[in-house]
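Chemist: Have a look at the structure that comes next, please.
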Amino acid sequence: MIPSIRLYFLLAIAIPIALLLAMLVNQQTSIIGTLLFDCLILGLGIIDALRVKSHLVQVTRHPLHRLSIGRDNLILLSVRSSPRAALTANQTAKIRICDSYPLEFDVSQALLETSLNPNTDEELTYTIRPQNRGEYQWGDIQVRQLGNWGLAWHDWTIPASEKVAVYPDLVMLKELSIKLTLESSGTMRRSQKLGMGTEFAELREYGIGDDPRSIDWKATARRSRPVVRVLEPEREQTLIILLDRGRLMTARVQGLKRFDWGVNAALSLASAGLHRGDRVGVGVFDREITTWIPPERGQHQLSKLIERLAPIQPVLLEPDYVGAVTKVVNQQNRRALVVLITDLVDVTASTEMLSALARLAPRYLPFCVTLRDPLVDKIAHTSTVEITSAYNRAVALDLLAQRQVAFAQLKQKGVLVLDAPADRISQQLVNKYLQLKSRNQL
């Protein structure tokens, strides 16, 4: 039994009653009267809490499945009031619910409250935001239901303990998959232009704005009207993603580790590649290649990538870029787009990475993707008159300048470069990949 505010209020009434009896009768009578009054109120509170047992509400948590890191994941609780409440008291059931979510998660609402009429259902929701991937233990559900007299809460626990896994951003992957499917089916305007690809797709009637060079004269002669050839970028190419999990990837950016943003970007790029019919492989490395998933095509490959990448965490080790590139050269004989997802500081600290990527050109198409901290951009572009802030801004500007020097050297060696804020890298990387495909650069 958990006393309610009403019960405390009634117990407090005993104080003026005791004073009144002490003035009118005597002190002994006052004490006895006060004790009897308090016992009566406490007894009624106990009875009120016990009577709740006859019409307890039913609370169930919907299956949690897989949660997405850095996202507001919706948790759904179903509450059903007892039909016996209509027979006993015929009044609403006031309840409070506390779900035992992992303490590492950010939660939108820790305590849920509602009132239900007899024999009715209601769904209560709240959101949690995990900041780290991994497996967590979800506890039981704690429920309190107020008695019909409003004197006490009946408190009980509903067993609902289960393990839940936090994965990379699966919500973003689902949204991207829908977008790519719509683009492929033609319900959205295709971004590539006619004649930009190398693989025949279809024949269709000539329209205003079509390139006259794409006209198929034989088909035009057979149909007696202009017909153009629609060409798509070549399919079944190879995409290799190298994901750095070294020291620089352990830093937190916008609430998540830089490596987590890298995993999200790698899976987004892999999803886009698989939708375009490419063979996609992924390698994760620090001082050596710790995870190697050979290139394959098909949507089953995406599920494999999610399961293999989900438990991997960054480490405080300097990455071996040369070793990772050597692995690609030994495993991949055909020309491929090799995307390195990492971060860099300046030319001096990134000498090994620059030389490793230079080895890939021109046999492969190297693509360096770096995850920039938006906070550095904000500091660098914010004017200030304070000395400390001015020093911070000078350092931020120097860091950005050093990055630009390193990128310039990469471009001189034939390496494609994408430097974007970590929280926006996934969309920009997918867009860049689709541009490469439409221009047939691979």
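Chemist: Taking the dipole about the Cα centre of the chain, with the C-beta of Lys and Arg at +1 and of Asp and Glu at -1, give me whichever of 127, 75, 317 is farthest to the positive side.
Modeler: Result: 317, furthest along the dipole toward the positive end.
Chemist: Run lengths n ≥ 4 of DSSP H only: what is the helix-derived mean residue ellipticity at 222 nm for the chain, with -39500 (n - 2.57) per run over all residues, to the nearest 500?
Modeler: One gets -12500 deg cm²/dmol as the mean residue ellipticity at 222 nm.
Chemist: Next question. List the lysines whose Cα lies under 27 Å from the Cα of residue 53, skipping any in the same chain that are fewer than 8 positions away.
Modeler: 94
Chemist: Separate question: Mind putting a number on the dipole of the range 238-438 about its Cα centre? Charges go on the C-beta only, +1 for Lys and Arg and -1 for Asp and Glu, and I need it in Debye to the nearest 20.
Modeler: 740
Chemist: Taking H as built 1.01 Å from N, whose amide H comes closer than 5 Å to the amide H of residue 117, not counting residues under 5 places away?
Modeler: Answer set, sorted by chain and number: 93.
Chemist: Among 436, 358, 282, whose Cα sits farthest toward the positive end of the charge dipole of the chain (+1 at Cβ of Lys/Arg, -1 at Cβ of Asp/Glu, about the Cα centre)?
Modeler: With unit charges placed on the Cβ atoms, the residue in question is 436.
Chemist: Once fully extended, how much extra length lies between residue 127 and residue 163, figured as 0.36 nm per residue of separation less the alpha-carbon to alpha-carbon distance?
Modeler: 11.2 nm
Chemist: Another question about this same structure. Given 257/413; 411/437; 378/437; 179/378; 163/257, which pairs have Cα atoms separated by over 25 Å?
Modeler: Those over the limit are 257/413; 378/437; 179/378.
Chemist: A follow-up question, please. Which whole-number percent gives the relative contact order of the range 55-167, counting Cα pairs below 8 Å spaced six or more residues apart?
Modeler: Reported relative contact order: 32 percent.
Chemist: Which percent, nearest 5, of DSSP beta bridges in the chain are antiparallel?
Modeler: Roughly 65 percent of the DSSP beta bridges within the chain come out antiparallel.
Chemist: In terms of the Cα gyration tensor, with a ≥ b ≥ c the square roots of its eigenvalues, is the range 22-113 rounded because a/c is under 1.5, prolate because a/b exceeds b/c, or oblate?
Modeler: Oblate shape, in that a/c is at least 1.5 and b/c is the bigger or equal ratio.
Chemist: Pop the C-beta distance of residue 13 and residue 254 into the FRET formula with R0 = 51 Å and round what comes out to the nearest 0.05.
Modeler: Working: r = 55 Å, r/R0 = 1.07.
For residue 13 and residue 254, the calculated efficiency is 0.40.
Chemist: When the Karplus curve 6.51 cos²θ - 1.76 cosθ + 1.60 is applied with θ = phi - 60°, which whole-Hz ³J(HN,Hα) does each residue of the range 154-167 get, with x for Gly and Pro?
Modeler: Taking θ as phi minus 60°, the curve returns 8, 10, 8, 10, 9, x, 8, 5, 7, 9, 10, 9, 9, 9 Hz for the range 154-167.
Chemist: Here's another thing I want to ask about it. With only Lys, Arg, Asp and Glu charged, each at its Cβ (+1 for the first two, -1 for the last two), find how big the charge dipole of the chain is about the Cα centre; round to the nearest 20 debye.
Modeler: 1640
Chemist: Among 368, 62, 206, pick out the residue whose Cα is farthest towards the positive end of the charge dipole of the chain, where Lys and Arg carry +1 and Asp and Glu carry -1 on C-beta, about the Cα centre.
Modeler: Towards the positive end, the residue furthest out is 206.
Chemist: Compute the distance from the alpha-carbon center of the range 245-298 to that of the range 323-386, in whole Å.
Modeler: 13
Quick note: the coordinates plus some simple rules give every number you see, no bench work behind them. The model shown is predicted, which means the values in this text are computed figures rather than measured ones. Here the Cβ is made from the backbone with ideal geometry for all residues, glycine too, and neighbour counts use every protein chain on show.
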